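What follows is a set of notes on a single structure, which appears directly below.
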Amino acid sequence: MMASNKRRWLPLCFVLLLQAGCATGPLTPIEGPVVTPARFKGGDPAAASVQGEWWKVYHDDVLNSLVETTLHNNPNLDVAFARLRAAREEVKGTSAGFLPRVDANAGFSYSHTSQFTPFGEALGQQSIKGREYAVGASVAWEPDVWGRVANAVTVANTKVELAKIEVDSYMLILCAEVVQFYWQMRSAELDLAILQAFRQTRSETEQVMASQYKGGLIGELELARARSDVATAAAELEEARKRRDLNEHSLATLTGSPIASFSVPPAFADAKRDFLLPAPPRMAPGVPADILARRPDLAATAQNIRATIADRNIAETAFYPTIKLTGNFGFASMELRNLTNGQQFSFGPLAISLPIFDGGRNKANLAAADARYQEAVAAHKSKLLLALKEVDDALTEVSSNEAALEQRQKALDAARRAEVVARFRFDKGLGNYFDVLESQRTILSIERAMLQNRSQSLVSSVQLVRAVGGGWKADEAVSAAQSYR
């Protein structure tokens, strides 16, 4: 009677053990996400938003060709696509955990027992000997009762999304770098044109002043200053030429071409008096909330949050019992010709394992997973704040450089007028040539500063595109990148 009562208590004890082993705390609450503003501080609301092949808004055929060549040849995209294929295969491998595993096996053995063992003595001091052939299959299955496999598949799927985001990131970075290096190269070309025009003027002036010095019309100081200007212009020409060459080398590397066989023809061989690059296109940054879906780094941190939640759920399943089902089916015989007649099979054992004491390992793993989740959310918030800042910074850079350019244009007009007046006074004997030289130096300084403002405006427009996340979302970027391969 007492034994019967004990058996009645066994199910209740088992249920209590399950509840104790499965007791875990909820996901630690965290503060809500960063609230995005309704609009950016700067920007042109009438401008077109950044879309798709955004580099075409610069209306430069050479630039378009360089970007398309880069998207076709750059090996970094091959790396990203290989990682995407690997991530997709990993999902298939992880999903296999939902299904039972079936293994085939075959074997042969020969045995000969001793007649002097207790078993042999029982048989009258006889030994047992013989061959055994066996073939069969074994089945093992662990039902995903607590969602361990499902959460692992979720983690694998986030890796696929991260691989897509990586393709988008490479697309954005490669296109942005091509456009940026291109305009920096064109800026160096125009700087060369400005300096060449200045050096030519100074060389002509030096020749005239050398004749005047020989005739005793001017002193050595005036001639020395003219020669100093010529030498300085020549040195700065080499610097500008170096900048152009280095940017061209970067374009060669991005397009996957050897530097020795790559060249971009000059665009300003017959530069006009203004020495200016084209104005940056008008681009609207869009709504701040849009960058959550457009920026690859923000999309990646969002996927990291999703992965850490799944990892946390996996850590929680360590508190739950595991259930394993096994079975075997096959044939065995001492004679190979009778193998298929000797059928054998078994089902079980049905194994249930529940963690009772592990020294706090499972609780520590769960707490660590909880902390990683909080870390992922905090990283996402930080990235979002930085992204919003980068957009406003780029908008400020574009507008301030263009505003400075307008003011420098007024200064350039005044400097050119000053040069005319100084030359007139010199020709009439009312002034010295130092005033003419100084006016020309001022014009050179303003022209180069204007070129720098415009170059920075174009580069900042590229930074604006990068800050808003380019023209595609992750899935769109994969399709677009495949169309160029």
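Quick notes on this one:
- Long-range neighbours under 6 Å by Cβ, at least six apart or interchain, first residue assigned by TED's automatic domain parsing to the domain that holds P280 within segment 381-406, second among the acidic types (D, E): K383/D297
- Test: residue in segment 203-212 that is part of a helix (DSSP H, G or I) and touching a residue at least 40 places away in the same chain (Cβ under 8 Å): yes
- Residue pairs whose Cβ atoms lie under 8 Å apart, sitting 6 or more positions apart in sequence or on different chains, and linking a residue in segment 296-316 that is crowded, with 21+ Cβ neighbours inside 10 Å to a partner that is charged (D, E, K, R) and not in a helix (DSSP H, G or I), are A299/K473.
- Options E166, E238: the member that is under 51 Å from the mean Cα position of the chain (by Cα), in the same structural domain as T94 (by TED's automatic domain parsing) and exposed (fewer than 15 other Cβ atoms within 10 Å of the Cβ): E238
- Some residue of segment 144-152 being among the β-branched types (V, I, T) and touching a residue at least 40 places away in the same chain (Cβ under 8 Å): yes
- Among residues of segment 455-483 that are over 25 Å from Q184 (Cβ atoms) and at pLDDT below 90, those with a Cβ under 7 angstrom from a residue that is outside any helix (DSSP H, G or I) and not small (G, A, S), sequence gap 6+ or separate chain, pair up as A480/W472.
- Of the residues A477, A422, the single one that is within 30 Å of Q303 (Cα to Cα), surrounded by 15 or more Cβ atoms within 10 Å (Cβ to Cβ) and in contact with a Phe, Trp or Tyr (Cβ under 9 Å, 6 or more places away or on another chain) is A477.
- Residue in segment 199-207 that is assigned by TED's automatic domain parsing to the domain that holds T255 and under 30 Å from A260 (Cβ atoms) present: yes
- All helices (runs of 4 or more DSSP H) inside segment 44-149 with 1 or more residues being within 30 Å of S353 (Cα to Cα): 75-95
- A267, sole failed condition from (1) under 30 Å from Y433 (Cα atoms); (2) not in a helix (DSSP H, G or I): (1)
The values are calculated or read from the model by the stated rules, or taken from the named source; none is laboratory data. Here the structure is a predicted model, which means the values were calculated and not measured. Glycine gets a Cβ as well: all are built from the backbone with ideal geometry, and neighbour counts include every protein chain shown.
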